[in-house]
Amino acid sequence: DTTLLVICHDRADYLERTLGAVLRYHPGEDTVPIIISQDGNDAKVVGVVDAFRAQFAAKHPRVRFHHIHRPQEGNLRGGGRQDGYQKLAQHFGWAFRRLWEDPALTPGAARVIVLEEDLEVAPDFFELFGALAPLLDTDPTLLAASAWNDNGQRGHVAEPAALLRSDFFPGLGWMATAAVLRDELLPKWPKGYWDDWLREPAQRRGRHTLRPEICRTFHFGIKGTSNMQYGDYLTQIKLNDEFVAFGALDLGYLGAERWAREYPAAARAAREVRTEEVKRNQISKGPVRVKFNGIQDFARKAKMLGIMDNEKAGVPRTAYKNIVEFWHNGIKVYVSDI
């Protein structure tokens with residue numbers, strides 16, 4: 001029911017690391033077929049894919065493994081980094097269409113998990129998405145599920161089993177249903193900057209993304225389209241190393257109505273403190289709440305606290321109803337406008 005799509009281009013060493021973790025943690029049997037979509041025909045990348053095809057055949061002989069090639073095009077309008085973002089978006093759209101339209105691939109896939117060639121997955125990466133699949137299938141208030149927390153740096157996270165709703169789509173290892181991705185988004189897929197496009201109100205339509213507190217992917221790419229934007233944050237991300245059996249947990253707290261009732265109430269109940277008190281480690285007991293007034297005030301206070309300080313389409317990274325949470329010296333901190 002769920003296909004894993006790995007998007008790659010010419011970073012063979014990165015792809016080798018990504019597929020190595022996928023091979024280690026893949027659930028096997030005949031679950032989660034794999035499609036490697038390569039932009040062009042870089043010979044080293046082809047060699048890596050062929051090697052892993054053989055390893056998958058030996059370890060998981062029933063797992064379908066496909067390698068497809070998107071024909072490379074010339075430079076697009078703008079060149080440089082802009083050109084890279086355009087090519088990446090168009091590669092995504094091309095791969096999604098092939099996945100669902102080519103009868104030799106997985107046209108019946110109910111969902112797709114998307115990885116890029118510079119993401120390492122955690123031991124419970126597939127377990128996480130397997131547990132969240134029924135929620136995506138049945139809850140119209142959800143846009144996607146993601147393995148990523150933008151504030152998932154060491155010291156900012158604590159609970160391996162914690163999952164949250166967010167107004168912000170983080171990407172970096174994510175899953176969406178065919179109903180959302182194929183039927184709704186793909187017909188109007190953009191020619192560039194696909195992730196920012198997906199965060200816009202016209203696409204998000206008030207829906208949420210489910211994400212873990214501790215990341216289930218690690219972005220190790222230094223060379224690439226983004227040129228390691230936010231590198232100081234990315235290198236400090238904690239990749240979860242403690243397997244959580246999400247499928248055995250009661251995830252009812254993630255339901256839209258219950259979350260809307262309980263999560264803001266928890267933030268509101270936290271003791272209000274000043275930003276400086278948190279920064280100077282003057283808090284001995286939590287949870288606590290730092291209040292902001294407007295997006296500029298949020299950016300200023302977030303920067304002081306060492307968390308991501310930007311927003312996309314008016315939504316701070318990781319936020320739910322303008323509530324951002326993280327851990328500081330073992331104390332939960334909410335940054336919110338309530």
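Read-outs throughout are calculated quantities, based only on the coordinates presented, and are distinct from any laboratory measurement. Fair warning: this is a prediction, and the values are worked out from it, not measured in the lab. Every residue, glycine among them, receives a Cβ derived from its backbone with ideal geometry; neighbour counts consider all protein chains shown.
By the gyration tensor of its Cα atoms, with a ≥ b ≥ c the square roots of the eigenvalues, what is the shape of region 261-336: rounded for a/c under 1.5, prolate for a/b over b/c, or oblate?
Details: a/c = 1.91, a/b = 1.22, b/c = 1.56.
It is oblate, given that a/c is not under 1.5 and a/b is not larger than b/c.
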**Complete:** With the charge dipole of region 2-246 built from beta-carbon charges (+1 for Lys and Arg, -1 for Asp and Glu) about the Cα centre, the Cα from A122, F168, W194 projecting farthest to the positive end belongs to W194
**Asked** Could you state the number of Å between the C-alpha centres of region 104-156 and region 294-338?
**Response** 23 Å
**Prompt:** Can you list the aspartates and glutamates whose alpha carbon sits under 12 Å from that of K44, skipping same-chain ones fewer than 8 residues off?
**Reply:** D10, D13, E16
**Asked** For region 196-319, what class follows from the C-alpha gyration tensor (a ≥ b ≥ c being the square roots of its eigenvalues): rounded when a/c is under 1.5, otherwise prolate if a/b is larger than b/c, else oblate?
**Response** rounded
**Asked** So how strong a dipole does the chain carry about its Cα centre when Lys and Arg Cβ are +1 and Asp and Glu Cβ are -1, to the nearest 20 debye?
**Response** 840 debye
**Request:** Please give the length that would be gained between R97 and E200 if that part of the chain were fully extended, namely 0.36 nm times their separation in residues minus their C-alpha to C-alpha distance (nm, one decimal).
**Result:** 34.9 nm
**Asked** Label L23 and D337 with points 7 Å out from Cα along Cα→Cβ: what is the distance between them in nm?
**Response** 4.9 nm
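Looking at region 261-336 only, what percent of DSSP beta bridges run antiparallel? Nearest 5 please. Before the final figure, lay out the partial values.
Numbers: 9 of 15 bridges.
Antiparallel: roughly 60 percent of the beta bridges in region 261-336.
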**Fill in**
Of the listed links K87/K303; K238/K291; K191/K238; K191/K312; K188/K321; K291/K321, those spanning more than 21 angstrom between alpha carbons are K87/K303; K238/K291; K191/K238; K188/K321
**Relative packing of 45-52, 65-72, 321-328, which averages over residues the other C-beta atoms within 10 Å, highest first** = 321-328, 45-52, 65-72
**Request:** List the DSSP H helices in the chain whose Cα atoms stretch 18 Å or more along the helix axis and whose mean Kyte-Doolittle hydropathy is at least 1.0.
**Result:** 125-138
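Taking a ≥ b ≥ c as the square roots of the eigenvalues of the Cα gyration tensor of region 2-246, is the shape rounded (a/c under 1.5), prolate (a/b larger than b/c) or oblate? Don't skip to the answer; put the middle values down first.
On the way: a/c = 1.19, a/b = 1.09, b/c = 1.09.
Rounded.
Want the number for E184 to R53: 0.36 nm per residue separation, take away the alpha-carbon distance, what's left?
Numbers: separation 131, 0.36 × 131 = 47.16 nm, distance 3.23 nm.
Between E184 and R53, full extension yields an extra 43.9 nm.
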**Asked** For the chain, what proportion of DSSP beta bridges, expressed in % and rounded to the nearest 5, is antiparallel?
**Response** 45 percent
